[in-house]
1. Look at the range 333-366 and say how many of its residues are closer than 18 Å to ASP314 by Cβ and either crowded, with 20+ Cβ neighbours inside 10 Å or without any contact (Cβ under 8 Å) to a residue 24 or more places away in the chain (or both).
2. Go through the range 198-208 and count every residue that is outside any helix (DSSP H, G or I) and touching a Lys or Arg at 6+ places or on another chain (Cβ under 7 Å).
3. Among the residues of the range 294-306 satisfying the criterion of being within 21 Å of the chain's Cα centre (by Cα) and part of a helix (DSSP H, G or I), which is farthest from ARG380 (Cα to Cα)?
4. Against the definition (of a type in the set (A, V, I, L, M, F, W, C) and outside any helix (DSSP H, G or I)), how does PHE342 come out, yes or no?
5. Which residues, counting only those in the range 348-368, are touching a strand residue (DSSP E or B) at 6+ places or on another chain (Cβ under 8 Å) and either farther than 26 Å from ILE43 by Cα or not aromatic (Phe, Trp, Tyr) (or both)?
6. Look through the range 398-419, keep the residues that are among the small types (Gly, Ala, Ser) and in contact with a helix residue (DSSP H, G or I) (Cβ under 9 Å, 6 or more places away or on another chain), and return whichever of them is modelled with the highest pLDDT.
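The values are calculated or read from the model by the stated rules, or taken from the named source; none is laboratory data. Note that the structure is predicted; figures quoted are calculated from it, not measured. Here the Cβ positions follow ideal geometry from the backbone for every residue, glycine too, while neighbour counts run over all protein chains shown.
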Amino acid sequence: MKIFNTLSGQKEEFQPLSDPVTMYVCGVTVYDDCHIGHAMSYILFDVIRRYLEFKGYNVKLAQNFTDIDDKIINRANQLGIPSKDLAGKYIAEYFKDMDALNIRRATIYPRATEEVPKIIEIIETLIKKGFAYELDGSVYFRVKKFEGYGKLSHQKIDEMQPETSALADKKDSALDFALWKASKPGEPAWKSPWGEGRPGWHIECSAMSLKYLGETIDIHGGGQDLVFPHHENEITQSESITGKKPFARFWIHNGLLQFSGSKMSKSLGNLITVKNMLNDHSADAIRLFILSSHYRTPLLYSEESLLAAETGMDRVRQASKPGEKDNNGSDILDVSALEQKFTASMDDDFNTAQAMAALFDMVREINRGREQNKNVAAARDTLVKLANVLGFTLKKDIHADVTADPLIELLLTIRSDLRGIKQWQLADKIRDELLKQRIVL
């Protein structure tokens, strides 16, 4: 199995360090409802985890909650509630959304606010080693002391554009980033050797990964927008603390969701929440829409694509349902070549688009086998097994029009009777007309 590693810029053979496979995925900043961009990332990493387990690996997955941040503080102040209450509310909403999307829960969900002692301990170590320094109650990482800064994002340090700040002239380098932020009036704060304050964003993930997964992990994941500066800074901090390289052996980054060529963002006003998506589409259709493209490519959002995904899932659901005659006949439908195509696709950097093509080929063969009175029971079981690997529930779409069910059943009975008297043309016409209404036989 080969995985594209952002660090090396190429596909590499995957061999874990030990059992279990250790995997860290950056979690959400909990100040609002999750949107379809979050769903995209977490569905993709859910599939990666499921496939690793399908291949026989045990997986220990940590996914953090950033529950203290400027966005959380600002939102809580607007609402007149404590930051802790706001974060708690949206952590609960996160679990509701992800459960509804059939995303399996991580092994552990550490929260930044519960890891402050570990974070302080790490910062103290970095200061002792000369990698960090205190300035006006805050602590900054000394970027130019770390050899290889920019290796994940493939940038040269002298070509980087630092963020502007009031302290830029006072820092050793404008690129130096905050490990600890001095408290401001009205903000949550913790006691530290440098005065009251709170952790910087980047150090949170390093601390939680080191604490729960160890000094070197197998896989670190997130969206492509996290490569720099967040993941670059994680490497810098973690390898400086431990002295061990690499911090993460494989860096996996998913492409971003776009609307008509623009990145989805709150500032552009084009966010669609998971809850709104699930009001109109099944979890399986949302998953199929996301998996129909390679995870490293941008995904263009459109209602047409989601409707097409719903139609596609109808086909898979129908083929996966047990039929009365599935076990009849001595001619057993063999789909082993398609199963091999599925695994070969997933072994090639989790190519879900090609894996889905194999599943739809399997659906077509099962439907054809049923028409030819073949024994399709084993093929159907294989389809269900592989669909589960990709996280599909195969449950009936609750958005379908159930009032039409009696009429559909009548048409199916008539079609069966027509086939019994060899009126193939009329039977096929009924099938084709039902297909136009997104009903697949």
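1. First, pick out the residues of the range 333-366 that are closer than 18 Å to ASP314 by Cβ: 356-357, 359-366.
Imposing the further condition that a residue be either crowded, with 20+ Cβ neighbours inside 10 Å or without any contact (Cβ under 8 Å) to a residue 24 or more places away in the chain (or both) reduces the set to 356-357, 359, 361-366.
Total meeting the criteria: 9.
2. Pass one, the range 198-208, residues outside any helix (DSSP H, G or I): 198-200.
Then drop every residue that is not touching a Lys or Arg at 6+ places or on another chain (Cβ under 7 Å), which leaves 198, 200.
Adding up the residues that qualify gives 2.
3. Our first condition is that a residue be within 21 Å of the chain's Cα centre (by Cα); within the range 294-306, this holds for 294-303, 305-306.
Filter again for part of a helix (DSSP H, G or I), leaving 303, 305-306.
Values: GLU303: 30, SER305: 26, LEU306: 25 Å.
The selected residue is GLU303.
4. Values: of a type in the set (A, V, I, L, M, F, W, C): yes; outside any helix (DSSP H, G or I): no.
When the stated conditions are applied, PHE342 does not pass them.
5. At the first step, the residues of the range 348-368 found to be touching a strand residue (DSSP E or B) at 6+ places or on another chain (Cβ under 8 Å) are 348-350, 354.
Scanning the range 348-368 gives ASP348, ASP349, GLN354.
6. Going through the range 398-419, the residues among the small types (Gly, Ala, Ser) turn out to be 400, 404, 416.
Next cut, in contact with a helix residue (DSSP H, G or I) (Cβ under 9 Å, 6 or more places away or on another chain) only: 400, 416.
Values: ALA400: 58, SER416: 74.
Across the range 398-419, the extreme among qualifying residues is SER416.
Conditions (1) modelled with pLDDT of 95 or more; (2) within 29 Å of THR297 (Cβ to Cβ); (3) outside the structural domain of ARG198 (by TED's automatic domain parsing); (4) assigned to a helix (DSSP H, G or I), marked per residue:
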{"residue": "TYR42", "(1), (2), (3), (4)": "yes, yes, no, yes"}
{"residue": "ASP46", "(1), (2), (3), (4)": "yes, yes, no, yes"}
{"residue": "ARG49", "(1), (2), (3), (4)": "yes, yes, no, yes"}
{"residue": "GLU53", "(1), (2), (3), (4)": "yes, yes, no, yes"}
{"residue": "LYS60", "(1), (2), (3), (4)": "yes, yes, no, no"}
{"residue": "ILE81", "(1), (2), (3), (4)": "yes, no, no, no"}
{"residue": "ALA87", "(1), (2), (3), (4)": "yes, no, no, yes"}
{"residue": "ALA92", "(1), (2), (3), (4)": "yes, no, no, yes"}
{"residue": "ASP97", "(1), (2), (3), (4)": "yes, yes, no, yes"}
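Every residue, every condition in (1) in the same structural domain as LEU44 (by TED's automatic domain parsing); (2) under 26 Å from VAL30 (Cα atoms); (3) more than 15 Å from the chain's Cα centre (by Cα); (4) not acidic (Asp, Glu), yes or no:
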| site | (1), (2), (3), (4) |
| --- | --- |
| ILE272 | no, yes, yes, yes |
| ASP280 | no, yes, yes, no |
| ALA319 | no, no, yes, yes |
| ASN328 | no, no, yes, yes |
